[in-house]
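The values are calculated or read from the model by the stated rules, or taken from the named source; none is laboratory data. The structure displayed is predicted, hence computed values, not measured ones. In this analysis, Cβ positions are derived from the backbone assuming ideal geometry, glycine residues included, and neighbour counts consider all displayed protein chains. Ligands, DNA and RNA are stripped out before the accessible areas are found, and what is left, the full protein with its side chains, is counted by its heavy atoms. Shrake-Rupley method; radii C 1.70, N 1.55, O 1.52, S 1.80 Å.
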Amino acid sequence: KAGVTQTPRYLIKTRGQQVTLSCSPISGHRSVSWYQQTPGQGLQFLFEYFSETQRNKGNFPGRFSGRQFSNSRSEMNVSTLELGDSALYLCASSLAGTQAGDTQYFGPGTRLTVL
Amino acid sequence: GNSVTQMEGPVTLSEEAFLTINCTYTATGYPSLFWYVQYPGEGLQLLLKATKADDKGSNKGFEATYRKETTSFHLEKGSVQVSDSAVYFCALSRPGNTPLVFGKGTRLSVIA
């Protein structure tokens, strides 16, 4: 079974731009969660989508948004990029998601650098 | 609230040494507990998990036992290899629409 895939793997943007990251979950998984990983803050939860609905949201500003499509693929968007948004963005999929305490499987991440 | 505390790294060991990475947690109820590993330049891989007290998770020679009385889930391996060099994350998950909570990670370096 194919794992979680994320595209692109690397991105370089400048301040003020916006960016869209994509995540394809494991086949059959309906939950997709996004995490931001930085050296200073560690792994922080952004949001979770389940069956196209946002089910949970972390403590991030409204510049961070996401959506999920009917095939469970998910996109994450960051508008008006700031230098502090430079991070590894990880996507994780699971069958039933955080409500069930389900095991989450992670993709390789997208490394975003904001200049 | 829910939290995970891991021992600070980095940890440097010689090949074939015994490894312990301490992890303790704070959570109400009965969380599931996980160890994830992150190799350089990669995402997180599930290493092992345990879903109830006294469960032992094991994989690739690594083991961890869910100890409710001490709220701990320490990771152990009897003989580490250079290929085990990575960052290890302890995490918990509580049912009820709460996301994974991670520790800050412990970097392990194994030298030949």
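Okay, here's what the table says:
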| quantity | calculated |
| --- | --- |
| Leading residue by the ranking (least open to solvent (accessible area, probe 1.4 Å)) among those in the range B:54-112 that are of a type in the set (S, T, Y) and in a loop (DSSP other than H, G, I, E, B) | B:Y66 |
| The range A:56-90: number of residues that are within 14 Å of another protein chain (Cβ to nearest Cβ) and open to solvent by less than 60 Å² (accessible area, probe 1.4 Å) | 8 |
| Lone unmet requirement of (1) at the interface with another protein chain (Cβ under 10 Å from one of its Cβ atoms); (2) within 17 Å of B:F102 (Cβ to Cβ); (3) open to solvent by 10 Å² or more (accessible area, probe 1.4 Å); (4) not charged (D, E, K, R) for A:F50 | (2) |
| Contacts under 6 angstrom Cβ, first residue in the range B:32-43 being farther than 19 Å from A:A87 by Cβ and within 10 Å of chain A (Cβ to nearest Cβ), partner open to solvent by 50 Å² or more (accessible area, probe 1.4 Å) and among the polar types (S, T, N, Q), 6 or more apart | B:S32/B:T51 |
| Residue ID - farthest from the other protein chains (Cβ to nearest Cβ), chosen from residues in the range B:18-29 that are over 10 Å from the mean Cα position of the chain (by Cα) and loosely packed, with under 14 Cβ neighbours inside 10 Å | B:F18 |
| Conditions (1) exposed (fewer than 14 other Cβ atoms within 10 Å of the Cβ); (2) within 13 Å of chain B (Cβ to nearest Cβ): number failed by A:F45 | (1) |
| Candidates A:E75, A:E82, A:E48 - the one that is in contact (Cβ under 8 Å) with a residue 60 or more places away in the chain and acidic (D, E) | A:E82 |
| Subset of the range A:6-34 [open to solvent by less than 70 Å² (accessible area, probe 1.4 Å) and either of a type in the set (D, E) or in contact with a Cys (Cβ under 9 Å, 6 or more places away or on another chain) (or both)] | A:Q6, A:L21, A:S22, A:C23, A:S24, A:P25, A:V32, A:S33, A:W34 |
| Members of the range A:1-29 found to be at pLDDT below 95, within 24 Å of B:L92 (Cβ to Cβ) and either among the aliphatic types (A, V, I, L, M) or out of contact with any strand residue (DSSP E or B) (no Cβ under 6 Å at 6 or more places or on another chain) (or both), listed by number | A:G3 |
| Where B:E42 falls short, out of the listed (1) part of a loop (DSSP other than H, G, I, E, B); (2) acidic (D, E); (3) in contact with an Asp or Glu (Cβ under 7 Å, 6 or more places away or on another chain) | (3) |
| Tally of residues being closer than 20 Å to B:N59 by Cβ and assigned to a strand (DSSP E or B) across the range B:6-38 | 15 |
| First in the range B:82-104 and under 12 Å from B:Y36 (Cβ atoms) and more than 8 Å from chain A (Cβ to nearest Cβ), second anywhere and among the hydroxyl-bearing types (S, T, Y) and not in a strand (DSSP E or B), Cβ under 7 Å, 6 or more apart | B:A86/B:Y39 |
